[in-house]
Amino acid sequence: MALNAYYFLAIIQPFIASAIIALLPSKRKLPGLVSVASLFISTVSSGLVLYFILEKGFSGPISFGDLPSIGFSLSFLYDSYTGIMMELVSFLSLIIGIYSLYYMDGDEGFTRYFMYFTFFVGSMMLVVSADNLILLFLGWEGTGLASYALIGHWRHDEKERMIGEEGRYVANTPMFSFPSMSGLRALLFTRIPDVLMLVGIIVLYIMTGTFSLSVLLKSSSNVVGILARAGILVPVMSLLSIGALAKSAQFPFHEWLVTAMTGPTPVSALIHAATMVKAGVYYMVRITPIFAYGAKELMVTDPILGQTAFSQIQEFYYVLMIIGAITAFALATMALVAREAKLILAYSTGSQLGFMFAGIGASIFSSHPSLVLSFVVAHLIAHAVFKAGLFLGAGIYIHVGESRFIDEWPNIHRMRVTTSLNWLLTLSLAGLPPFIGFWTKDALVESYIATGLLLPTSLLVVTILFTAFYSTRYLLYTERYPGKDGELLHEPPAYVASTYGLLAILSILLGIMWPLFGQKLSMFVSQSFIEVPHILAEGETTAVAVSLALVLTGIALSFSAYYLKLIDSKSIISKLPSLNNFLRDRWWINVFYYNIGLAFLRIGEVTYNSLEKGLDTAINYALPRGTSVFSKYIRKPLNGDTYNYMLYFLLSVVVMLLILIFM
Amino acid sequence: MSVLYLPHLMLTTLSISILALIALNIVLKRPRHMCTATAALFLPLIASTLLATFYSGGKFTDGVYLSAKYLGDFNFLVDYVSGPIALTILGVSMVISIYAYPYMERKFEEEGEQISSNMKLFYVLYYIFSISMYGSVISTNFAEFYLFLEVGLISSFILINNYGYGDRRKIALLYFVWTHIGAVLFLVGALAFGYYEGSLNVFGSGGNIVYTGELMQSVAKAVFALMLVGMLVKAAALGFHLWLPYAHAEAPTPISALLSPLLIGIGPYVIFRFLYPLFPAQFGDARLLLAVWGALTIVYGGLNALFEKDFKRFLAYSSISQMGYLIISVAAGNIYGFIGLILHYIAHAFGKAILFASAGSVIYHENGLRDMRQMGGMLKTLPMTGNTALLGFFTITGMPPTIGFWSELFIVRGVVEAFYGMGAEGLAIIALLFIGFSLSISYSFYRYKEVFQGPPKFGARKKEDPFIIGSLITLAILAIALFIVAPVYANYLTGYLNSLKALAGGA
């Protein structure tokens, strides 16, 4: 069947390409070209899959093989959500792959880079298309592995590869990080919660007897019923989501994403902005309908159980929404004062992911969860497009400005092409109409307000102001405070500029077209989430007004500070040193993790030095020593002297007689 | 029973191979040829085991080759359980036998020993050691198993004693005494079993487990306890592990690469293969204890590995921790746990062999360097060693694309299925397992970062020995290839284990 072939080419083929790249001789650009070719095939095949879905609608999963005894099957979902995600992932990978050809040229690990890059794409495609949860978990681990390897791509920790300000400490904790350390942190932060996620998947399997997402979706009320009856609904949901929270860098697991910026910039663009960190969002959006609609259906058949289940689910998703809101807020505040270009973008990524998680949380409170989820997906797409573009642009600035700190860059507005394109992307991030970022964020804000939950909503709304400020500050900063100046700034070659150019144009084009196709997209995506809503907007015009006003205020503030020079931001900062340091030191959360790490090393040391050494000495040294001492003394009286022996004999007889008498 | 009718296939191959090796030892003049001969002589065994495992419908009994009253019948049983384990032993031994040549050559040179004669003796002992492990896993009789185990113990004892590092005489003795205590406890249990049962058979001539229903409760309990403790000593479970860091760290590295994953893993394997079917009731009683013990072993080994500074001792502690996984998965007592056990035996065999071999590669290329505090940035000096070591760590921590992914999956599945409904104790076991996984991931990649990544502490890139690198890469490729094979195998194994369960009357 043709469809199977497209799935194979889109998802499995990158793995084969990755293996081929590993075996290739590292001759000039060959590995990179193979990788790009593979990504191109993947993009085209995903496009065809999406086309089929659009044309003919969708049905059950596509299966390549089945191992029923262990519940594993190589089966892929065939629906609108997966189709769109596959196309998004492969398309962005292709764009970033082309950019990497330029960016990584001449790097000693060129082959290795493209091997992991292609492996990553395959894994990510698995995540967004797997029907079987084990298959999804496999891809999930694969993305983590590639992320680990690529964050630590520069394996020898040269000074210019670090992130953060060298020598900056909070208490005992370094606030800077080298690639190898960042890789380790990313791995620990994502891999350890994944074990819990696996436990969750297995408990779900034990309860329901299936690993298949499509089956779980179809029997959602049954699933919720079983879990609620066993009283483990909330534990299972927590186990299932903790991996996603960590992967998507939600508070308090966001620390790894910040230091992950030691990776090459295209890696940050692809893995730590556009795709892998979205895996958590993808997955949560995928499983949320099971609970949202399952509980609703259950309320019809079994009102009492359904009601308890529903209120438990609501509580859980409320926590999720709070977590999202805190993430969005906290990371946006950090972005306000950050000096490093990639850090600003990383904070912003985490913050935007917080918006998405808050949207997932809010979906339960809506009467049409699938609609809210479709907004989350829309924002996911929008963010992937503009943030990938911003990272690619940042890579060029860092290259040209020869520094990762924006206050050391020359005035970047002298690079007309690159900076104009980056403005398009930035305004999309800031949330200004008619850019795509405005529409999707606005749809989410409407959903937050509709929940009527004051705390998370207000945090999220304030964050809109911050977002508008820090995003425009990022580009305007050098306008007021240019670093070294005078040199000629070279634009990158046309094919490189066209990569982020394409994304910039997409971000505005999609924005302009949004009023036309936004509703259709929502309809199309929500088909994958059980219910297709008929009401297509919740119609909160106040929400639009509020968010637009906040965006404009933020932009105005940043313009008056860095362009019109009306506000002296440096003097304001110098008056608030403690706040500035608190934000710059990432709310001191790193101190906590760093000391947990130290504590474990210390526990290891204590175990080793006291327990293990003690046992070792006692049994391997003291015991043999004791026996040898014992034998030395016991041998002394046994010297072969007959008189002595007779004495012992008589003594023993006496002792025995005494025992016999008194027993 | 079996589709394949080739009586005494295993026995013939085994004896011919050993005789051939001894003959070649006399004939061959150059030590390098001895290396080739040893490696090549693994091939017939691999071929016949493959044949017996996969072309026989899953169960191949070799035919009784020795039979005596009270002792029972000596036979070989190659099925879906023992076949892959046996193949792992042979495969790893074969690759490591090639690795051993440059390593031991350098070692003999440094110690001023005569190369030719020492190398010949080394290879003969090496082969016997490996083959005895092979024989023990396909045994069907307690006495037979014990004999093979003891031959393995003695040959490895001599290997450590003659070719080890440090205070090798003392350490060899330490190793011998400790593991011999384990073996003797097992033997006492086996003899008591034989006294009451009339024979030491575990599997009958058709390859089915013998019926032990009429064994007295008290006797069964004592026999089970003795054997269990014996095997836990072999497996270096917490408390019985004290010999392992010495033996595995001070053995010559190629032997460490066999000792660490292959030999000690036989302990949990035997618990599953012999004790679980023979004493289902006693096993059921001991499960919880065993699970806690396994979980604590994982955590304890992991904590020590986190601190240990000597590369080989670090790997030895990691092995203790990995044995905890095997013990906990057998304690799960369900099919998925058993699959986890078998897959993790294989995964750990390849992973740990890669890691010991890469530790050996550092020793080889950096003049005996073992202190990890002095290492750093080794990827610059020894890039291939570093890259394969990463795959080794992936394998033991359960990352794709290595077989470790599947073994982790099945261990978690087996343990969760067995214990999550058990209330607080069950949850504690799962929580300990989670801590154990976290520790394994932490120590692995923390050490990888310290040793291989970071600013290089040594000069320019060295030319790595092709034999050493070749065997490392072969092991790594096998670990990746098995990633694809493992789920298919696990699928078959589920069916096979289910059929065994049905035969045993649903016990």
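Contact annotation: residue pairs with Cβ atoms under 8 Å, 6 or more positions apart or on different chains, pairing a residue in the stretch A:519-531 that is outside the structural domain of A:SER129 (by TED's automatic domain parsing) and assigned to a helix (DSSP H, G or I) with a partner that is modelled with pLDDT of 85 or more and surrounded by fewer than 17 Cβ atoms within 10 Å (Cβ to Cβ), are A:PHE524/A:LEU54.
With the structure loaded, tell me whether A:ILE206 is more than 19 Å from the chain's Cα centre (by Cα), within 10 Å of another protein chain (Cβ to nearest Cβ) and surrounded by 20 or more Cβ atoms within 10 Å (Cβ to Cβ) or whether it fails that test.
Values: more than 19 Å from the chain's Cα centre (by Cα): yes; within 10 Å of another protein chain (Cβ to nearest Cβ): yes; surrounded by 20 or more Cβ atoms within 10 Å (Cβ to Cβ): no.
Answer is no for this residue.
Please tell me if B:ILE89 is surrounded by fewer than 24 Cβ atoms within 10 Å (Cβ to Cβ) and under 30 Å from B:LEU475 (Cα atoms). Considered against the rule, which asks whether it is surrounded by fewer than 24 Cβ atoms within 10 Å (Cβ to Cβ) and under 30 Å from B:LEU475 (Cα atoms), B:ILE89 comes out as no.
Across the stretch B:329-339, what is the total count of residues that are hydrophobic (A, V, I, L, M, F, W, C) and more than 14 Å from chain A (Cβ to nearest Cβ)? Before the answer, list the steps.
Step one: list which residues in the stretch B:329-339 are hydrophobic (A, V, I, L, M, F, W, C), which gives B:330-332, B:335, B:338-339.
Still in the running and more than 14 Å from chain A (Cβ to nearest Cβ): B:330-331.
Residues in the stretch B:329-339 being hydrophobic (A, V, I, L, M, F, W, C) and more than 14 Å from chain A (Cβ to nearest Cβ): 2 in total.
Give me the residue from the stretch B:354-399 that is of a type outside the set (Gly, Ala, Ser) and outside any helix (DSSP H, G or I) and, out of that set, nearest to the other protein chains (Cβ to nearest Cβ).
B:MET399
When residues of the stretch A:140-156 are filtered for being at the interface with chain B (Cβ under 9 Å from one of its Cβ atoms) and either under 18 Å from the mean Cα position of the chain (by Cα) or assigned to a helix (DSSP H, G or I) (or both), how many remain? Spell out the reasoning first.
Going residue by residue through the stretch A:140-156, those that are at the interface with chain B (Cβ under 9 Å from one of its Cβ atoms) are A:141-142, A:144-145, A:148-149, A:152, A:155-156.
Right, trim to either under 18 Å from the mean Cα position of the chain (by Cα) or assigned to a helix (DSSP H, G or I) (or both) and you get A:141-142, A:144-145, A:148-149, A:152.
Number of matching residues: 7.
Within the stretch B:482-495, the set of residues being out of contact with any strand residue (DSSP E or B) (no Cβ under 7 Å at 6 or more places or on another chain) and either within 11 Å of chain A (Cβ to nearest Cβ) or at positive phi (or both) comprises B:PHE483, B:ILE484, B:ALA486, B:TYR489, B:ALA490, B:TYR492, B:LEU493, B:THR494, B:GLY495.
Residues in the stretch A:418-463 that are in a loop (DSSP other than H, G, I, E, B) and closer than 19 Å to A:LEU373 by Cα: A:GLY452, A:LEU453.
Would you confirm whether any residue within the stretch A:623-643 is surrounded by 12 or more Cβ atoms within 10 Å (Cβ to Cβ), part of a helix (DSSP H, G or I) and facing chain B (nearest Cβ under 10 Å)?
yes
Scanning the stretch A:99-117 for residues that are in a helix (DSSP H, G or I) and within 13 Å of A:PRO266 (Cβ to Cβ) yields a count of 10. Scanning the stretch B:208-246 for residues being in a loop (DSSP other than H, G, I, E, B) and touching a Pro at 6+ places or on another chain (Cβ under 6 Å) gives a total of 1. Is it the case that the stretch B:345-353 has a residue that's within 14 Å of chain A (Cβ to nearest Cβ) and either more than 20 Å from A:GLY142 (Cβ to Cβ) or touching a Pro at 6+ places or on another chain (Cβ under 8 Å) (or both)? No, every residue in the stretch B:345-353 fails to be within 14 Å of chain A (Cβ to nearest Cβ) and either more than 20 Å from A:GLY142 (Cβ to Cβ) or touching a Pro at 6+ places or on another chain (Cβ under 8 Å) (or both).
Conditions tested, residue by residue: (1) closer than 29 Å to A:GLY164 by Cβ; (2) at pLDDT below 80; (3) loosely packed, with under 12 Cβ neighbours inside 10 Å.
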| site | (1), (2), (3) |
| --- | --- |
| A:ILE535 | no, yes, yes |
| A:THR541 | no, yes, yes |
| A:VAL544 | no, no, no |
| A:LEU550 | no, no, no |
| A:THR553 | no, no, no |
| A:TYR563 | yes, no, no |
| A:SER569 | yes, no, no |
| A:PRO577 | yes, no, yes |
| A:ARG584 | yes, no, no |
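Whenever a residue of the stretch A:42-67 is within 14 Å of chain B (Cβ to nearest Cβ), its partners that are part of a helix (DSSP H, G or I) and not β-branched (Val, Ile, Thr), lying with C-beta atoms within less than 8 angstrom and at least six residues away or across chains, give the pairs A:PHE64/A:ASN4; A:PHE64/A:TYR7; A:PHE64/A:PHE8; A:LEU67/B:PRO487; A:LEU67/B:ALA490; A:LEU67/B:ASN491. A:TYR78 meets the conditions (1) crowded, with 19+ Cβ neighbours inside 10 Å; (2) in a helix (DSSP H, G or I); (3) of a type in the set (Phe, Trp, Tyr); (4) more than 23 Å from the chain's Cα centre (by Cα) in every case but one. The failed one is (2). Taking the conditions (1) surrounded by fewer than 24 Cβ atoms within 10 Å (Cβ to Cβ); (2) within 30 Å of B:GLY495 (Cβ to Cβ); (3) hydrophobic (A, V, I, L, M, F, W, C) in turn, A:PHE110 satisfies each one other than (2). Cβ separations smaller than 8 Å between residues 6+ apart or across chains give the following pairs from the stretch B:433-462 residues that are more than 28 Å from A:ILE603 (Cβ to Cβ) to residues that are among the hydroxyl-bearing types (Ser, Thr, Tyr) and part of a helix (DSSP H, G or I): B:PRO456/B:THR381; B:PHE458/B:THR381; B:GLY459/B:THR381; B:ALA460/B:THR381; B:ARG461/B:THR381; B:LYS462/B:THR381.
May I ask you to verify whether B:ALA286 is surrounded by fewer than 24 Cβ atoms within 10 Å (Cβ to Cβ) and either within 12 Å of chain A (Cβ to nearest Cβ) or farther than 16 Å from B:THR397 by Cα (or both)? Spelling it out, B:ALA286 is indeed surrounded by fewer than 24 Cβ atoms within 10 Å (Cβ to Cβ) and either within 12 Å of chain A (Cβ to nearest Cβ) or farther than 16 Å from B:THR397 by Cα (or both). For first residues located in the stretch A:390-411 and polar (S, T, N, Q) and outside any helix (DSSP H, G or I), partners that are surrounded by 20 or more Cβ atoms within 10 Å (Cβ to Cβ) and modelled with pLDDT of 85 or more and lie 6+ apart or on another chain with Cβ distances below 8 Å form the pairs A:SER403/A:TRP409; A:ASN411/A:THR478. Being small (Gly, Ala, Ser), within 30 Å of A:ILE202 (Cα to Cα) and either crowded, with 19+ Cβ neighbours inside 10 Å or at pLDDT 90 or above (or both) holds for only one residue in A:SER100, A:SER123, and it is A:SER123. Selection of the stretch A:209-225 for residues being more than 26 Å from B:GLU408 (Cβ to Cβ) and either within 14 Å of chain B (Cβ to nearest Cβ) or of a type in the set (Val, Ile, Thr) (or both) yields only A:VAL224. Reported count of residues in the stretch A:157-169, each being within 10 Å of chain B (Cβ to nearest Cβ), touching a helix residue (DSSP H, G or I) at 6+ places or on another chain (Cβ under 9 Å) and either within 22 Å of A:ALA338 (Cβ to Cβ) or in contact (Cβ under 8 Å) with a residue 12 or more places away in the chain (or both), is 1. Counting only helices (runs of 4 or more DSSP H) wholly contained in the stretch B:1-112, the ones carrying 3 or more residues that are in contact with a helix residue (DSSP H, G or I) (Cβ under 7 Å, 6 or more places away or on another chain), among the aromatic types (Phe, Trp, Tyr) and over 22 Å from B:ALA481 (Cα atoms) occupy B:82-110. Summed over the stretch A:227-254, residues that are hydroxyl-bearing (Ser, Thr, Tyr) and farther than 20 Å from A:LEU270 by Cα total 2. Among the residues of the stretch B:420-471, the ones that are more than 11 Å from every other protein chain (Cβ to nearest Cβ), touching a helix residue (DSSP H, G or I) at 6+ places or on another chain (Cβ under 7 Å) and hydrophobic (A, V, I, L, M, F, W, C) come to 6 in all.
Which of the following residues is under 26 Å from the mean Cα position of the chain (by Cα), within 14 Å of another protein chain (Cβ to nearest Cβ) and not in a loop (DSSP other than H, G, I, E, B): A:TYR593, A:TYR608?
A:TYR593
The values are calculated or read from the model by the stated rules, or taken from the named source; none is laboratory data. Treat the numbers as computed from the prediction; the structure is a model and nothing was measured. Note: ideal-geometry Cβ built from the backbone for every residue, glycine included; neighbour counts use all protein chains shown.
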